[in-house]
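The values are calculated or read from the model by the stated rules, or taken from the named source; none is laboratory data. Nothing here was measured: the structure is a model prediction, and the numbers come from that model. Neighbour counts are summed over all protein chains in view; Cβ atoms, including those assigned to glycine, are modelled from backbone coordinates with ideal geometry.
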Amino acid sequence: VIIGCVSQVNDRSAGVGRFGWLAAGADLINETCGGWDHRLAKAAEQGAGLVCSCAGGLAARTRPHRVASPDFPVLVSVSHKEFIGETLDAVRDQRLTGTVATTAVRAWLGALVFRAHQVIATREVLDMVAAIRGDQPSVRAVRALPNTRHQER
Amino acid sequence: VITAAAICPPAPLLAVELTGRDPVLPELRHAAATAVRRLTAYGPDVIVVVGPADRTAAWPILGRLDLTAYAPLLALRDQDRVSVSGPSLPSALGLGVRLLDEAGYGGQRLLQSVSSGEQPTVCQQLGAALADRKERTGLLVMADGSACRSPRAPGYLDTRAAGFDAAIEDAVRSGDLTALNALDQHLARELLATAHTAWQVLAAAMPSSGPGHILYADAPLGVYYLIAWLADTAPANWQNR
């Protein structure tokens, strides 16, 4: 799990302005409408990540955690999504638990980039999963380490 | 002949890979590194590492620090690394070996563990045998004090602990190490001071020296840590350090 922040631009139409965003330093283009625009693919060739997020976004039963690519890092954009609302019968501002649960599962399965609304909660979930996976050490751990007594057989 | 001795705590938290991304007690780690560098500055022919363990034994000199008990995942990864080989040591000795390695000491070393329940006569014999060695011998004693200095200490707060630890500190500070023999074994057990037999080995090997140079003396996590070095004279190449 890679932990860091990138800037992202939502862009439903591959207008001229998009390339302005790229010049301004956007790292990702989040193309959520599901259609494929060849000009967006061109932008991706220039080094921006390209996201097409219709897959699995309709309902939990479509198994969004199965979205995977052996060749590219997978970005997950599940925060507050409708499928969480459908699963938990939760309106938009009640979807934090569903969001972090989905985030944890996707991180465990190897997704590398996460689009988030609650940044701190998401970051903590990712730090926790990273520690459990063994990808990243804790911040500070001294419990049971001040002396050797209890570890000797 | 014993040229010098260094004292460091056998605290697993000295192993940086266990304690996380934040620097944990950097002053403690720095003091330990300094003490061992002082020890090696005397140019010993051999350094003997002495530390507490569940039994008294001499250990293979190629032994290594084994952190499996503290971080199984870490140990699993170490299996893939070529550099990690050799039999596992009790953690007190393994930590001492690592301190020697980190100080760049490449000379001969011997590793001796002492059971916390060892008889005083055996501690006396072990220490005397070290003192009788013909080579210039350095001692790295991996020993700490009580583990009862605060409510969050491994052994909870015990009001007798401060006095117990002060006696150790006074002995080292004065250089009159025979005072370490007065440590009450029964009290040591109650205060989880598992290194008290290692202290006795030090006392027997080096009954007296010049005043101890104390680099660290505190109990930040409820376990009393004393880092110091002891010698009769300054090392020959002192100016170079």
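Looking at residue B:219, is it farther than 22 Å from residue B:49 by Cα and either crowded, with 16+ Cβ neighbours inside 10 Å or modelled with pLDDT of 95 or more (or both)? Break it down into steps so the answer makes sense when it comes.
Values: farther than 22 Å from residue B:49 by Cα: yes; either crowded, with 16+ Cβ neighbours inside 10 Å or modelled with pLDDT of 95 or more (or both): yes.
For residue B:219, the condition - farther than 22 Å from residue B:49 by Cα and either crowded, with 16+ Cβ neighbours inside 10 Å or modelled with pLDDT of 95 or more (or both) - is met.
Being at pLDDT below 90, out of contact with any Lys or Arg (no Cβ under 8 Å at 6 or more places or on another chain) and surrounded by 14 or more Cβ atoms within 10 Å (Cβ to Cβ) narrows it down to one of A:129, A:113, A:125, so name that one.
Answer to the check: A:113.
Could you list, in sequence order, all residues of region B:1-14 that are in contact with a strand residue (DSSP E or B) (Cβ under 7 Å, 6 or more places away or on another chain) and within 10 Å of chain A (Cβ to nearest Cβ)? First the steps, then the outcome.
Taking region B:1-14 as the starting set, the residues that turn out to be in contact with a strand residue (DSSP E or B) (Cβ under 7 Å, 6 or more places away or on another chain) are B:1-11.
Of everything in region B:1-14, those that are in contact with a strand residue (DSSP E or B) (Cβ under 7 Å, 6 or more places away or on another chain) and within 10 Å of chain A (Cβ to nearest Cβ) turn out to be B:9, B:10, B:11.
Do you know which residues across region A:101-110 are loosely packed, with under 15 Cβ neighbours inside 10 Å and in contact with a strand residue (DSSP E or B) (Cβ under 6 Å, 6 or more places away or on another chain)?
Of everything in region A:101-110, nothing turns out to be loosely packed, with under 15 Cβ neighbours inside 10 Å and in contact with a strand residue (DSSP E or B) (Cβ under 6 Å, 6 or more places away or on another chain).
With the requirement that a residue be small (Gly, Ala, Ser) and either more than 10 Å from the chain's Cα centre (by Cα) or modelled with pLDDT of 85 or more (or both), what does region A:63-109 give you? Before the answer, list the steps.
Our first condition is that a residue be small (Gly, Ala, Ser); within region A:63-109, this holds for A:68-69, A:77, A:79, A:85, A:90, A:98, A:101, A:104, A:107.
Result: A:68, A:69, A:79, A:85, A:90, A:98, A:101, A:104, A:107.
From the list B:182, B:188, B:195, B:166, which one is buried (at least 24 other Cβ atoms within 10 Å of the Cβ) and closer than 21 Å to residue B:228 by Cβ?
Every option except B:195 fails the conditions.
Take the residues of region B:140-191 that are in a loop (DSSP other than H, G, I, E, B) and among the hydroxyl-bearing types (Ser, Thr, Tyr): which is farthest from the other protein chains (Cβ to nearest Cβ)?
Filtering region B:140-191 for residues in a loop (DSSP other than H, G, I, E, B) gives B:143-160, B:175, B:183-184, B:191.
Now narrow it down to the ones that are among the hydroxyl-bearing types (Ser, Thr, Tyr): B:146, B:150, B:156, B:159.
Numbers: B:146: 10, B:150: 10, B:156: 13, B:159: 19 Å.
Residue satisfying both the conditions and the ranking: B:159.
Any residue at all in region B:87-96 that's out of contact with any strand residue (DSSP E or B) (no Cβ under 7 Å at 6 or more places or on another chain), at pLDDT 95 or above and surrounded by fewer than 20 Cβ atoms within 10 Å (Cβ to Cβ)?
Scanning region B:87-96, I find no residue that is out of contact with any strand residue (DSSP E or B) (no Cβ under 7 Å at 6 or more places or on another chain), at pLDDT 95 or above and surrounded by fewer than 20 Cβ atoms within 10 Å (Cβ to Cβ), so the answer is no.
Based on what the data block shows, is residue A:145 closer than 21 Å to residue B:18 by Cα, of a type outside the set (D, E, K, R) and at pLDDT 95 or above?
Numbers: closer than 21 Å to residue B:18 by Cα: yes; of a type outside the set (D, E, K, R): yes; at pLDDT 95 or above: no.
Considered against the rule, which asks whether it is closer than 21 Å to residue B:18 by Cα, of a type outside the set (D, E, K, R) and at pLDDT 95 or above, residue A:145 comes out as no.
Every residue, every condition in (1) of a type outside the set (S, T, N, Q); (2) surrounded by fewer than 21 Cβ atoms within 10 Å (Cβ to Cβ), yes or no:
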position	(1), (2)
B:13	yes, no
B:18	yes, yes
B:23	yes, yes
B:36	yes, no
B:40	no, no
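Between residues in region A:122-148 that are more than 10 Å from every other protein chain (Cβ to nearest Cβ) and residues that are assigned to a helix (DSSP H, G or I), which pairs lie under 6 Å by C-beta distance while being six or more apart or on different chains?
A:122/A:103; A:125/A:100; A:125/A:103; A:125/A:104; A:126/A:107; A:129/A:104; A:129/A:107; A:129/A:108
Quickly run through region B:25-34 and pick out the residues that are at the interface with another protein chain (Cβ under 10 Å from one of its Cβ atoms) and buried (at least 23 other Cβ atoms within 10 Å of the Cβ).
Here is the first cut: in region B:25-34, the residues at the interface with another protein chain (Cβ under 10 Å from one of its Cβ atoms) are B:25.
Scanning region B:25-34 gives no hits.
For residues in region B:51-74 being within 14 Å of chain A (Cβ to nearest Cβ) and β-branched (Val, Ile, Thr), which is surrounded by the fewest Cβ atoms within 10 Å (Cβ to Cβ)?
Among residues in region B:51-74 that are within 14 Å of chain A (Cβ to nearest Cβ) and β-branched (Val, Ile, Thr), the one surrounded by the fewest Cβ atoms within 10 Å (Cβ to Cβ) is B:68.
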